Amino acid sequence: MKKVLLLLMVFVSAMVLQAQNIQTHYDFGKDRGYLTTTIEMFKPDKTGNTFFFVDFDYGVGGVKNSPALAYFEIARCFKLGKSPFSWHGEYNGGFGQWKAGTASGAYSISNAWLTGIDYSWNASDFSRGISLKALYKNIANTMDGKPNNFQLTAVWYLNFAKGKMSFTGFADLWREKTAFGSMIFLSEPQLWFNATKKFSIGSEVELSSNFGGMDGFKVMPTLGAKYTF
């Protein structure tokens, strides 16, 4: 596990040279109290756009001296002509570790492959925008052995107060059999005060239902800082 974590950290170090921002959040939700770092990039081009992020959680599951969880998402959209629609392809996956006394172990976050249609709208000055996605989601190692599922996603951004404030985030709703039901909801709205063009402070609130092994609806806020490259 340590070798895998080292290789992933080297990979992320190479990517950060091209990343748009890096974030650090302290999660002070109930029974949380740990740090997360996020490396995030969004890059539009002539044929569409590419987005990825990598999360590292620290101090989770009794692990204190290394990242306890690593999670990766990468997505690519290809424009469909001059319309506001795009074809969307995406991969999600990750792994983690835990420690309890002298016992320890590792686990994986099952690979998921997504594809579907994206509709995007942006204001002419790019002060605000939204993207709506309807996706087929193939998830490995599901509890019911059925990999074929779906996901609905919304992603948004809003810059206001002459660019000093930003409201961003996403919301996902997908089907996946768990011990608590067959539908999972996850949203992470963020509010940032842009102290400079590169440095921001703010907060993220994780809103979830039946996500991450937790039963029912949960609200978990963070306090964060962001540096934009």
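The values are calculated or read from the model by the stated rules, or taken from the named source; none is laboratory data. Since this is a predicted model, take the numbers as computed values, not measurements. Cβ: placed from backbone, ideal geometry, glycine included. Neighbour counts: every protein chain shown.
Odds and ends about this structure:
Residue by residue, here is whether (1) out of contact with any Lys or Arg (no Cβ under 6 Å at 6 or more places or on another chain); (2) at pLDDT below 95; (3) closer than 21 Å to LYS226 by Cα holds:
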{"site": "LYS2", "(1), (2), (3)": "yes, yes, no"}
{"site": "MET9", "(1), (2), (3)": "yes, yes, yes"}
{"site": "ALA19", "(1), (2), (3)": "yes, yes, yes"}
{"site": "THR24", "(1), (2), (3)": "yes, no, yes"}
{"site": "LYS30", "(1), (2), (3)": "yes, yes, no"}
{"site": "TYR34", "(1), (2), (3)": "yes, yes, yes"}
{"site": "PHE51", "(1), (2), (3)": "yes, no, yes"}
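- Those strands (runs of 3 or more DSSP E) lying entirely in segment 13-132 with at least 1 residues surrounded by fewer than 17 Cβ atoms within 10 Å (Cβ to Cβ) and aliphatic (A, V, I, L, M): 34-45, 67-79, 85-100, 103-122
- Residues satisfying the stated conditions in segment 133-154, i.e. in a loop (DSSP other than H, G, I, E, B) and small (Gly, Ala, Ser): ALA140, GLY145
- Within segment 131-146, residues that are in contact (Cβ under 8 Å) with a residue 24 or more places away in the chain sit with their Cβ atoms under 6 Å from residues that are among the acidic types (Asp, Glu), at 6+ positions apart or across chains, in these pairs: SER131/ASP118; LYS133/ASP118; ILE139/GLU176.
Yes/no per residue for (1) assigned to a strand (DSSP E or B); (2) surrounded by 18 or more Cβ atoms within 10 Å (Cβ to Cβ); (3) under 14 Å from the mean Cα position of the chain (by Cα):
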residue: TRP156; (1), (2), (3): yes, no, yes
residue: SER166; (1), (2), (3): yes, yes, no
residue: PHE170; (1), (2), (3): yes, no, yes
residue: GLU176; (1), (2), (3): yes, yes, no
residue: SER200; (1), (2), (3): yes, yes, no
residue: GLU204; (1), (2), (3): yes, yes, yes
residue: MET214; (1), (2), (3): no, no, no
residue: VAL219; (1), (2), (3): yes, no, no
residue: ALA225; (1), (2), (3): yes, no, no
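- When we screen TYR157, TYR136, TYR119 for residues that are farther than 23 Å from ARG175 by Cβ and at pLDDT 95 or above, the only hit is TYR157.
- The requirement of being modelled with pLDDT of 95 or more, over 29 Å from SER203 (Cα atoms) and within 16 Å of the chain's Cα centre (by Cα) is satisfied by TRP113.
- Meets criteria (touching a residue at least 12 places away in the same chain (Cβ under 8 Å) and more than 21 Å from GLU40 (Cβ to Cβ)) for ASN111: no
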